Amino acid sequence: MVNRNLLRELEPAEQELEQELQLALGDIPPEELYLSTQEIARGRIVRGKIVLVEPDRVLVDLGLKCEGVVLRSEWSESEPPPEPGQEVEVLIEDFDEFATPGAEMRALIICSKRKAEKIQAWSRIMQQVREGDVVTGLVSRKIKGGLLVDIGVNVFLPGSQVDIRRPGDLAEYLGRVVQCVVLKIDESRRNIVVSRRALIEQQRIERKNILLRELQVGQLRKGIVKNIADFGAFVDLGGIDGLLHITDMSWGRINHPSEILSLDQEIEVVILHVDYEREKVALGLKQKTPSPWENIEERYPIGSRVRGKVVNVTNFGAFVRLEEGVEGLVHVSEMSWTKRINHPSEVVQVGDEIEVVVLAINKEKQEISLGLKQTQENPWDRIEEKYPVGSDVRGIVRNITNFGAFIELEEGVDGLLHISDISWTRKITHPGEVLQKGQEVVCRVLSIDPVKRRIALGLKQRTEDPWERDIPSRYHPGMVVKGVVTKITNFGAFVQLEEDLEGLLHISELADHKVDSPDNILKVGDEIEVKIIRVDPQERKIGLSRKRLEWSPEAEAAAGAPSRERERELKGGVGSGGPLISTGPRRFRKGPRGKHPPHPKAPASQEAATSPEGQASGTSEVTAGTTPEATPSAESTPEATALKDTAPEETITEDTSQSPPPSEPSASSEE
């Protein structure tokens with residue numbers, strides 16, 4: 001615990017303290033001591049005199065008990081070097097001590113000449129500059145985010161405020177004197193932000209209003225290219241930017257505006273349009289010269305041959321430059337008479353010099369249609385001489401479809417071999433059963449259409465038609481032959497008599513009794529005996545019967561007359577009731593069925609037995625060079641051929657005692 005009474009007894013008297021202070025200070029008055037302590041405070045600017053200049057420092061007499069020291073590097077090369085006796089203002093930064101050779105400690109004041117100058121300059125600027133004032137300075141340094149401009153003190157110019165559009169390289173402005181407007185002053189942080197862009201925009205607004213009143217369509221104006229884009233360039237006309245579109249730069253082809261323009265380039269343009277409300281100006285460069293499309297018909301008459309250079313190749317054709325600013329299109333369909341071209345690059349390449357024929361000119365749209373194949377002879381003009389009708393030609397199977405095969409006679413010249421012209425007797429459901437892609441075949445020219453560029457070919461026509469002499473000589477009514485059941489339908493069965501030759505065994509000729517379905521009696525693959533009841537070479541049909549095998553000669557003779565009369569009615573596939581195989585919409589009529597003459601041995605119930613009519617789809621005419629979508633008609637098949645002779649027309653009757661007619665066979669089911 002502190003004894004305060006003891007402290008009071010030991011405390012010296014006030015008079016004794018003053019005497020000790022006088023002895024320590026000597027002859028220095030208290031007033032002088034007070035002033036000196038104020039002058040050496042940190043952060044003050046004081047004036048002194050240079051007393052010594054050393055290589056790395058300068059000693060300055062500040063009028064105090066100790067000197068100030070300033071680094072020699074604070075004198076720039078552009079100003080006179082320091083000399084003894086020269087006065088200088090410095091900023092007191094700190095205090096330091098060092099030992100003298102006699103081991104005596106000596107005090108020094110660390111000072112800065114450069115900082116003193118900056119503080120004095122900042123004070124002058126603060127008295128002269130306010131926000132919104134225009135200042136002029138030298139761009140001294142590039143820093144992160146912008147530039148430093150020296151207006152007496154360094155101020156910050158952001159990169160976004162250097163120009164209307166941010167420059168690509170800010171270093172280009174180093175060493176340039178620029179004018180800026182003061183945006184913000186921060187006195188506490190001694191920071192000033194300026195903008196050159198704001199000053200330019202303000203000046204442009206003033207010049208824009210004057211310029212808009214002066215601009216007229218058709219005027220020639222000089223401007224500076226300020227920006228280049230894919231679609232064009234923006235040109236500064238001296239207060240307002242105008243758009244120079246890429247299509248208005250040259251009459252010729254330009255892939256990018258940079259091919260003829262560069263930034264900051266001075267050009268002369270034509271005023272094409274002025275929008276005073278939206279303050280937009282359209283400019284043109286090519287309009288300074290006459291259009292090459294004037295009198296184009298006189299220089300390139302239709303049908304004339306000209307030479308040009310391929311400048312572009314697309315999927316649909318090639319563009320050919322006839323002269324600067326004039327290009328024509330050679331469509332892919334106009335490149336070859338016969339060659340199948342998937343892409344124009346198979347024929348021409350960019351840079352090729354080719355000869356073309358002018359096909360058409362559209363002056364308003366500035367379009368020219370050109371042809372490359374027209375410079376060569378059209379092989380279809382002499383196709384009838386080269387491939388006369390009736391002659392045999394050799395070709396390669398190029399493509400196989402459902403309705404036939406395309407035979408390539410030469411490059412680009414194809415003929416169509418229809419499925420119905422492949423064999424006289426064989427039932428062919430698809431050409432692929434006989435032909436293969438790439439196979440070499442010999443065909444006969446059936447017809448030629450040079451206008452539509454079609455050639456019809458035949459394979460079976462190279463041999464004699466067996467129905468003319470061979471088949472009628474070997475098969476005649478009354479013969480009993482053996483055959484194999486190849487197909488069963490609801491109206492009968494097809495029996496193969498020999499290779500590629502079939503006859504129709506109708507359901508009504510299967511047995512003397514009523515047969516509901518042929519597959520109740522026959523199976524595919526059964527070998528049976530049948531009697532030939534009709535051979536029709538014109539219709540290429542053979543009618544068969546199984547029930548007549550057991551008939552006596554008297555019964556056959558008794559049924560002969562009606563049968564021959566019925567045969568005459570069925571000849572050609574047409575009976576008294578109409579065609580057996582309809583080629584259009586079916587028409588039904590009410591009323592009693594037309595009854596057939598009853599057979600002597602047939603039961604009475606057989607009189608009402610009828611057979612369904614066969615229906616065949618209509619066929620479309622197919623010639624060489626086309627690709628129809630229709631499939632071959634069922635009438636071309638042997639089943640439909642036999643059916644047309646044997647199946648009577650089906651009619652609807654109200655007599656419900658009659659058995660319902662079987663379902664109608666279609667062309668697709670027969671095939």
Among (1) touching a residue at least 40 places away in the same chain (Cβ under 8 Å); (2) buried (at least 16 other Cβ atoms within 10 Å of the Cβ); (3) touching a helix residue (DSSP H, G or I) at 6+ places or on another chain (Cβ under 6 Å), which single condition is residue 142 missing? (1)
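A quick yes/no check of all residues on (1) modelled with pLDDT of 90 or more; (2) within 19 Å of residue 496 (Cβ to Cβ); (3) surrounded by 13 or more Cβ atoms within 10 Å (Cβ to Cβ); (4) over 51 Å from the mean Cα position of the chain (by Cα):
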| site | (1), (2), (3), (4) |
| --- | --- |
| 434 | no, yes, yes, no |
| 440 | yes, no, no, no |
| 445 | yes, no, yes, no |
| 452 | no, no, no, no |
| 456 | yes, no, yes, no |
| 466 | no, yes, yes, yes |
| 472 | no, yes, yes, yes |
| 478 | no, no, no, yes |
Quick check on the stretch 493-501. Is at least one of its residues under 60 Å from the mean Cα position of the chain (by Cα), at pLDDT below 90, over 23 Å from residue 424 (Cβ atoms) and surrounded by fewer than 13 Cβ atoms within 10 Å (Cβ to Cβ)? no
Run down 349, 374, 366 and say which single residue is within 30 Å of residue 328 (Cα to Cα), in contact with a helix residue (DSSP H, G or I) (Cβ under 8 Å, 6 or more places away or on another chain) and not aliphatic (A, V, I, L, M). 374
Find the residue count for the stretch 191-235, including only residues that are modelled with pLDDT under 85 and outside any helix (DSSP H, G or I). 1
Go through the stretch 152-169 and give me each residue that's touching a helix residue (DSSP H, G or I) at 6+ places or on another chain (Cβ under 8 Å) and either part of a strand (DSSP E or B) or buried (at least 19 other Cβ atoms within 10 Å of the Cβ) (or both). 153, 157, 161, 162
From the list 547, 523, exactly one residue is basic (Lys, Arg) and within 24 Å of residue 429 (Cβ to Cβ). Which is it? 523
Among the listed residues 185, 205, 210, which satisfies the condition of being closer than 30 Å to residue 289 by Cα and β-branched (Val, Ile, Thr)? 210
Index of the failed condition, residue 35 passing every other in (1) part of a helix (DSSP H, G or I); (2) at pLDDT 65 or above: (2)
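Let me confirm something: among 298, 385, 364, which residue is surrounded by fewer than 18 Cβ atoms within 10 Å (Cβ to Cβ), without any contact (Cβ under 8 Å) to a residue 12 or more places away in the chain, more than 25 Å from the chain's Cα centre (by Cα) and not in a helix (DSSP H, G or I)?
Result: 364 is the single residue among 298, 385, 364 that is surrounded by fewer than 18 Cβ atoms within 10 Å (Cβ to Cβ), without any contact (Cβ under 8 Å) to a residue 12 or more places away in the chain, more than 25 Å from the chain's Cα centre (by Cα) and not in a helix (DSSP H, G or I).
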Pairs under 7 Å by beta carbon, first residue closer than 17 Å to residue 395 by Cα in the stretch 446-458, partner polar (S, T, N, Q), six or more apart or different chains? 446/461; 454/623; 454/626; 456/447; 456/623
Of all residues in the stretch 62-82 being outside any loop (DSSP other than H, G, I, E, B) and surrounded by 15 or more Cβ atoms within 10 Å (Cβ to Cβ), which is farthest from the chain's Cα centre (by Cα)? 68
Answer yes if at least one residue in the stretch 320-334 is closer than 16 Å to residue 369 by Cβ, of a type in the set (D, E, K, R) and touching a Gly at 6+ places or on another chain (Cβ under 7 Å), and no otherwise. yes
Would you be able to say whether some residue in the stretch 521-532 is in the same structural domain as residue 474 (by TED's automatic domain parsing), closer than 26 Å to residue 466 by Cβ and within 60 Å of the chain's Cα centre (by Cα)? yes
Selected residue [hydroxyl-bearing (Ser, Thr, Tyr) and within 30 Å of the chain's Cα centre (by Cα)] from 291, 345, 304: 345
Could you say which residue among 378, 342 is free of Cβ contacts under 8 Å to residues at least 40 places away in the same chain and either not assigned by TED's automatic domain parsing to the domain that holds residue 410 or not acidic (Asp, Glu) (or both)? 342
Among the residues that make up the stretch 330-339, is at least one of them over 30 Å from residue 417 (Cβ atoms), at pLDDT 90 or above, not assigned by TED's automatic domain parsing to the domain that holds residue 451 and not in a loop (DSSP other than H, G, I, E, B)? yes
Tell me, please, whether a residue that is over 21 Å from residue 118 (Cα atoms), in a helix (DSSP H, G or I) and touching a helix residue (DSSP H, G or I) at 6+ places or on another chain (Cβ under 6 Å) can be found in the stretch 173-189. no
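Listed here are the residues, each with its yes/no results for (1) within 18 Å of residue 225 (Cα to Cα); (2) hydroxyl-bearing (Ser, Thr, Tyr); (3) at pLDDT below 90; (4) loosely packed, with under 10 Cβ neighbours inside 10 Å.
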site	(1), (2), (3), (4)
259	yes, no, yes, no
272	yes, no, no, no
293	no, no, yes, no
305	no, no, no, no
For residue 123, indicate whether it is in contact with a helix residue (DSSP H, G or I) (Cβ under 8 Å, 6 or more places away or on another chain), surrounded by fewer than 18 Cβ atoms within 10 Å (Cβ to Cβ) and assigned to a helix (DSSP H, G or I). no
Considering only the stretch 402-431, state which residues are modelled with pLDDT of 90 or more and surrounded by fewer than 19 Cβ atoms within 10 Å (Cβ to Cβ). 402, 430
Filter result (touching a helix residue (DSSP H, G or I) at 6+ places or on another chain (Cβ under 6 Å) and closer than 14 Å to residue 366 by Cβ) within the stretch 249-285: 250, 251
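The values are calculated or read from the model by the stated rules, or taken from the named source; none is laboratory data. Quantities reported herein were computed from a predicted structural model and do not represent experimental measurements. Neighbour counts run over all protein chains shown; Cβ positions are idealised from the backbone, glycine included.
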